[in-house]
Amino acid sequence: DAKTTQPTSMDCAEGRAANLPCNHSTISGNEYVYWYRQIHSQGPQYIIHGLKNNETNEMASLIITEDRKSSTLILPHATLRDTAVYYCIVRLIYNQGGKLIFGQGTELSVKP
Amino acid sequence: DTEVTQTPKHLVMGMTNKKSLKCEQHMGHRAMYWYKQKAKKPPELMFVYSYEKLSINESVPSRFSPECPNSSLLNLHLHALQPEDSALYLCASSRGGPMLHEQYFGPGTRLTVT
């Protein structure tokens, strides 16, 4: 699976959009981009995933660049409860093992 | 029901003890996972069960012994652990099969080995 690079930490004001970048310059054509987050003292939580088109669900939007070498997770109106570590993960489409390989992630702090 | 439950929440054990961690899901998922997470580090995969068969063992020491008695339950048996095994142990489940599916995680068991 391709490696990812994320900033170690970011701050965001409550009510503003949080834009979390992820670099995956070695991604191959059969790899998806997944985002999970882990709120302190809880298990990781799935957020969203995509292959090459932009995706949106009730939690977030995922913007993947045309060359697929980077992506941005957008939380449109961040709240204090969005303070967490956000993990960007790249996985093979047919991942028979189901392996999730977590990188170091970005620690997002949403401030009042 | 999209919940994965884990018991106990906290466990303190000595190096000569034998204990077990339990994980349960009722989502009909056929893949289940154990992860280990040290403080300030990301989760690391330990084991994967697919359709109740062990499919991945990430070179985990034999003092950790997984068991999947049925499609809803996953156990992790612990014996002769070391203090460095103290960590948060996370269970997860997913629909399984060769395609990608999101994993649902439990809240974890915080293990302290004394």
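The values are calculated or read from the model by the stated rules, or taken from the named source; none is laboratory data. Just so you know, these numbers come straight off a predicted model, no measurement behind them. Counting neighbours? That spans all protein chains shown, and the Cβs are built from the backbone with ideal geometry, glycine included. Please note that ligands, DNA and RNA were not included when accessible areas were found on the heavy atoms of the full protein model with its side chains. Shrake-Rupley method; radii C 1.70, N 1.55, O 1.52, S 1.80 Å.
General remarks:
- Among the residues of the range B:59-82, the one identified as open to solvent by 30 Å² or more (accessible area, probe 1.4 Å), farther than 20 Å from B:Asn17 by Cβ and hydrophobic (A, V, I, L, M, F, W, C) is B:Leu73.
- Selected residue [touching a His at 6+ places or on another chain (Cβ under 7 Å) and closer than 19 Å to A:Gln38 by Cβ] from B:Ser94, B:Ser65: B:Ser94
- Restricting the first member to the range A:86-107 and to residues that are more than 7 Å from chain B (Cβ to nearest Cβ) and outside any loop (DSSP other than H, G, I, E, B), and the second to residues that are surrounded by fewer than 16 Cβ atoms within 10 Å (Cβ to Cβ) and at pLDDT below 95, the beta-carbon pairs closer than 7 Å and six or more apart or on different chains are A:Leu92/A:Asn30.
- Annotation: A:Val90 fulfils all but one of (1) of a type in the set (Val, Ile, Thr); (2) open to solvent by 10 Å² or more (accessible area, probe 1.4 Å); (3) more than 20 Å from B:Cys91 (Cα to Cα); the unmet one is (2).
- Of all residues in the range A:8-25, those that are open to solvent by 50 Å² or more (accessible area, probe 1.4 Å) have Cβ atoms under 6 Å from Cβ atoms of residues that are of a type in the set (Asp, Glu) and in a strand (DSSP E or B), 6 or more apart or on another chain, in A:Ser9/A:Glu107.
- Any hit, the range B:8-20, residues being under 22 Å from A:Val85 (Cβ atoms) and in contact (Cβ under 8 Å) with a residue 12 or more places away in the chain: yes
- One residue stands out in the range B:83-108 among those that are open to solvent by 20 Å² or more (accessible area, probe 1.4 Å) and at pLDDT 95 or above: the one that is farthest from A:Phe102 (Cα to Cα), namely B:Pro83.
- Screening A:Arg37 against (1) closer than 22 Å to B:Gly108 by Cβ; (2) within 13 Å of chain B (Cβ to nearest Cβ); (3) modelled with pLDDT of 95 or more; (4) open to solvent by 50 Å² or more (accessible area, probe 1.4 Å) leaves a single unmet condition, (4).
- Of the candidates A:Leu75, A:Leu108, the single residue that is closer than 22 Å to B:Lys38 by Cβ and crowded, with 16+ Cβ neighbours inside 10 Å is A:Leu108.
- Checked across the range B:44-56, the condition of being under 27 Å from A:Glu31 (Cβ atoms) and touching a residue at least 60 places away in the same chain (Cβ under 8 Å) holds for no residue.
- Residue in the range B:62-69 that is more than 12 Å from the chain's Cα centre (by Cα), more than 8 Å from chain A (Cβ to nearest Cβ), within 21 Å of A:Gln45 (Cα to Cα) and among the polar types (S, T, N, Q) present: no
- Tally of residues being without any contact (Cβ under 8 Å) to a residue 40 or more places away in the chain and farther than 30 Å from B:Gly108 by Cα across the range A:52-74: 8
- Residue match in the range A:59-67 (condition: surrounded by fewer than 20 Cβ atoms within 10 Å (Cβ to Cβ), within 11 Å of chain B (Cβ to nearest Cβ) and among the acidic types (Asp, Glu)): no
- Within the range B:85-114, the set of residues being more than 14 Å from the chain's Cα centre (by Cα) and at the interface with chain A (Cβ under 10 Å from one of its Cβ atoms) comprises B:Arg95, B:Gly96, B:Gly97, B:Pro98, B:Met99, B:Leu100, B:His101, B:Glu102.
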